[in-house]
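See below for the structure under consideration.
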Amino acid sequence: MAEPTTPQRTEADSKVEETTTKEPAPPAPADDLVTTRHTLKVGRRTFRYSATAGRLVLRDEVYEDGVFRGHRPKAEVFVTSYVLEGEGAKDATKRPVTFAFNGGPGSASVWLHLGLLGPRRVVMGDVGELAAPPYGLVDNAESLLAVSDLVFIDPVSTGYSRAVEGGKPADYHGYQPDIESVAEVIRLWTTRNGRWMSPKLLAGESYGTLRAAALAERLQSRYGLYLNGLMLISSVLDIGTIDFWDNNDQACVNYLPTYAAIAHYHGKHGRKALRTVLTEAEAYADRDYPWVLSRGNRLTAEERAEAISTLARLTGLSEDYVDRADLRIEHWRYFTELLRVEGRVVGRLDGRFSGPAASRIAENMEADCSMDALVGPFAAAWGHYVHDELGYASNLPYELSSERVHPWSFKEFEGKSVDVRAKLERAMRANPHLLVHVAYGYYDGATPHRGAEEVLAHLKIPPQLQSNIEHAYYEAGHMMYVHQPSRVRQSADLAEFVRRACHQV
């Protein structure tokens with residue numbers, strides 16, 4: 001009997017098997033927007049509005065050898081928008097729209113969203129009376145929605161925003177690609193919602209103010225999209241003004257008024273009024289302090305002793321510490337040193353806060369106690385709000401403050417300071433109707449108010465455009481809306497600014 005033979009596999013058989021066993025291609029990414037409807041009572045008025053939450057797919061135009069190959073998905077960016085409806089809504093050509101974002105780099109927009117501008121806000125308490133978990137969420141009667149529709153944007157790798165499968169997140173982790181991708185979101189939303197004829201504004205916080213200034217120029221030059229207003233909250237437009245690296249004396253000078261304010265809050269200035277303390281610190285920073293630092297070892301013993309005495313008195317530190325610091329007080333060390341004898345540290349984002357020191361001999365504190373106070377309430381409020389009220393479901397972690405964006409690329413500024421004043425100057429010169437509102441917190445140890453003041457005082461714009469810039473100051477920190485009196489006043493200030501910038505006053 002003949003032995004059975006083994007069937008021979010041919011090349012064609014292999015190809016058939018490969019074809020039949022090949023994994024199906026993943027579905028192309030698509031927008032996953034969800035719309036819900038709500039009401040907000042403001043005084044005797046009730047506003048009806050739609051809320052739309054979800055991810056917009058950004059696409060590249062692909063060309064190969066001069067041939068157009070279509071639009072390739074590159075990123076999915078999470079956006080939450082609020083649009084007034086019904087009797088309270090105006091014609092879309094008259095109703096303003098504000099695009100808002102935070103900074104970091106790496107921060108989602110949840111802070112401005114649930115802290116200040118949106119129709120719902122977190123309840124967390126304040127210094128000395130922080131709420132306990134799980135905190136709270138209430139209607140925001142001071143929401144900017146009363147005067148403007150709102151669009152909150154989470155840049156790539158923050159919030160629920162991600163690069164597409166197979167994409168490189170690092171392609172978006174830098175100054176220029178961040179500007180370009182956020183500008184594309186704004187253009188896309190404006191086009192899809194028929195809002196090209198609406199007044200438009202940007203609201204940014206912290207690094208978001210640097211982004212906003214550059215975006216104003218980018219939107220104009222790339223898309224011809226001109227803005228009515230910029231709201232710069234806790235502003236930094238030139239990182240060199242607040243950066244202590246490479247023995248930068250400018251940062252020491254710009255931080256001095258902030259140190260004085262924080263020292264005043266913690267009782268280091270007796271019965272003096274805050275304004276009195278600030279006036280002295282600002283005057284010293286304007287004239288004597290830069291001169292003192294510029295002299296180096298040319299200072300006489302008497303001049304140095306006078307400088308040590310003045311700096312110690314203004315900052316609340318000991319003369320011995322100021323002397324050993326060579327008259328140059330770095331901010332992380334300051335927050336660690338001010339209350340050292342009490343075994344406490346003060347907050348960087350908000351110098352009103354203080355917390356127990358992990359080590360009473362540490363050069364730098366282990367963490368920012370003011371940030372510790374903020375994260376829990378905002379995370380809890382957002383986790384509930386996005387799923388249970390906005391109806392958006394995702395198994396992704398919502399990145400409130402993502403470390404994945406680092407290292408952040410500033411290759412465009414190699415060998416020089418990261419400075420966007422030229423972008424802001426260009427935007428204002430090209431669009432003389434652009435108004436700028438700058439909000440400062442006296443206890444803000446992340447973006448001290450004098451740093452932004454210095455940049456804005458040196459803008460190369462015509463004299464008549466100087467009046468397009470307004471300044472607002474609050475006895476609060478980086479996120480000044482944590483302080484309830486400041487939140488209420490700031491909300492009113494921003495609403496009035498929107499009306500004026502959009503010619504509705």
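The values are calculated or read from the model by the stated rules, or taken from the named source; none is laboratory data. Bear in mind that the values here come from a model prediction, so they are computed numbers and not experimental data. Ideal geometry is used to build each Cβ from the backbone, glycine not excepted, and the neighbour counts take in all protein chains shown. Each accessible area value is taken on the protein alone, full model and side chains, heavy atoms only, with ligands, DNA and RNA left out. Shrake-Rupley method; radii C 1.70, N 1.55, O 1.52, S 1.80 Å.
How many residues are under 30 Å from P356 (Cα atoms) and open to solvent by 60 Å² or more (accessible area, probe 1.4 Å) when one looks only at segment 302-317?
1
Residue by residue through segment 422-434, note down the ones that are within 21 Å of the chain's Cα centre (by Cα), crowded, with 17+ Cβ neighbours inside 10 Å and in a helix (DSSP H, G or I). First the steps, then the outcome.
Applying the first criterion (within 21 Å of the chain's Cα centre (by Cα)) to segment 422-434 yields 422-425, 427, 434.
Now restrict to residues that are crowded, with 17+ Cβ neighbours inside 10 Å: 423-425, 427, 434.
Scanning segment 422-434 gives K423, L424, E425, A427.
Being basic (K, R), under 27 Å from S234 (Cα atoms), in contact with a His (Cβ under 8 Å, 6 or more places away or on another chain) and open to solvent by less than 20 Å² (accessible area, probe 1.4 Å) narrows it down to one of R352, R348, so name that one.
Numbers: R348 fails: open to solvent by less than 20 Å² (accessible area, probe 1.4 Å).
Answer to the selection: R352.
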Practice item. State yes or no: is V253 out of contact with any Asp or Glu (no Cβ under 7 Å at 6 or more places or on another chain), touching a residue at least 24 places away in the same chain (Cβ under 8 Å) and over 25 Å from D154 (Cβ atoms)? Key: yes
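Which of the residues belonging to segment 64-79 are surrounded by fewer than 17 Cβ atoms within 10 Å (Cβ to Cβ) and in a strand (DSSP E or B)? Steps first, please.
Applying the first criterion (surrounded by fewer than 17 Cβ atoms within 10 Å (Cβ to Cβ)) to segment 64-79 yields 64-72.
Across segment 64-79, the qualifying residues are E64, V67, F68, R69, G70, H71, R72.
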Revision key, fill the gap. Considering segment 152-181, residues that are touching a helix residue (DSSP H, G or I) at 6+ places or on another chain (Cβ under 6 Å) and of a type in the set (A, V, I, L, M), and then whichever is farthest from G104 (Cα to Cα), we arrive at A163
Exercise for review: Run G383 past the list (1) buried (at least 22 other Cβ atoms within 10 Å of the Cβ); (2) without any contact (Cβ under 8 Å) to a residue 24 or more places away in the chain; (3) of a type outside the set (S, T, Y) and report the number of the one that doesn't hold.
Suggested key: (1)
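Is there a residue in segment 282-301 that is under 30 Å from A132 (Cα atoms), of a type in the set (D, E, K, R) and surrounded by 14 or more Cβ atoms within 10 Å (Cβ to Cβ)? Please lay out each step first, then the result.
Residues of segment 282-301 that are under 30 Å from A132 (Cα atoms), as a first pass: none.
No, that holds for no residue.
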Check your understanding: Looking at (1) hydroxyl-bearing (S, T, Y); (2) open to solvent by 20 Å² or more (accessible area, probe 1.4 Å); (3) in a strand (DSSP E or B); (4) closer than 20 Å to P199 by Cα, which is the only condition T93 fails?
Key -> (3)
Point to revise | Only one of E23, E61, E17 that is at pLDDT below 95, out of contact with any helix residue (DSSP H, G or I) (no Cβ under 6 Å at 6 or more places or on another chain), farther than 30 Å from P73 by Cβ and open to solvent by 80 Å² or more (accessible area, probe 1.4 Å) | key: E17
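Whether any residue in segment 246-254 is within 30 Å of I186 (Cα to Cα) and either open to solvent by less than 10 Å² (accessible area, probe 1.4 Å) or not in a helix (DSSP H, G or I) (or both) is what I want to check. Don't jump to the end; show me each part of the working.
First, the residues of segment 246-254 that are within 30 Å of I186 (Cα to Cα): none.
Checked segment 246-254: no residue is within 30 Å of I186 (Cα to Cα) and either open to solvent by less than 10 Å² (accessible area, probe 1.4 Å) or not in a helix (DSSP H, G or I) (or both).
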Check your understanding: Quick check, is G106 in contact with an Asp or Glu (Cβ under 7 Å, 6 or more places away or on another chain) and over 30 Å from R500 (Cβ atoms)?
Key -> yes
Review point. When only residues in segment 76-102 that are modelled with pLDDT under 95 and small (G, A, S) count, which is nearest to G174 (Cα to Cα)?
Key: A92
Review point. Which number in (1) buried (at least 22 other Cβ atoms within 10 Å of the Cβ); (2) in contact with a Ser or Thr (Cβ under 8 Å, 6 or more places away or on another chain) marks the one condition that L339 misses?
Key: (1)
Exercise for review: Go through segment 329-375 and give me each residue that's without any contact (Cβ under 8 Å) to a residue 40 or more places away in the chain, assigned to a loop (DSSP other than H, G, I, E, B) and either farther than 19 Å from T447 by Cα or among the polar types (S, T, N, Q) (or both).
Suggested key: G343, A357, A358, S359, R360, I361, A362, E363, N364, E366
Check your understanding: Which members of segment 480-504 meet the condition of being within 19 Å of A141 (Cβ to Cβ) and either among the hydrophobic types (A, V, I, L, M, F, W, C) or without any contact (Cβ under 8 Å) to a residue 40 or more places away in the chain (or both)?
Key -> M480, V482, P485, V488, R489, A492, L494, A495, E496, F497, V498
Practice item. With respect to D326, determine if the residue is exposed (fewer than 15 other Cβ atoms within 10 Å of the Cβ), out of contact with any Phe, Trp or Tyr (no Cβ under 8 Å at 6 or more places or on another chain), part of a loop (DSSP other than H, G, I, E, B) and not basic (K, R). Key: yes
Exercise for review: Please specify each residue of segment 115-156 satisfying the condition of being out of contact with any strand residue (DSSP E or B) (no Cβ under 7 Å at 6 or more places or on another chain) and either on the phi > 0 side of the Ramachandran plot or open to solvent by 40 Å² or more (accessible area, probe 1.4 Å) (or both).
Suggested key: G125, V127, G128, E129, L130, A132, P133, P134, E142
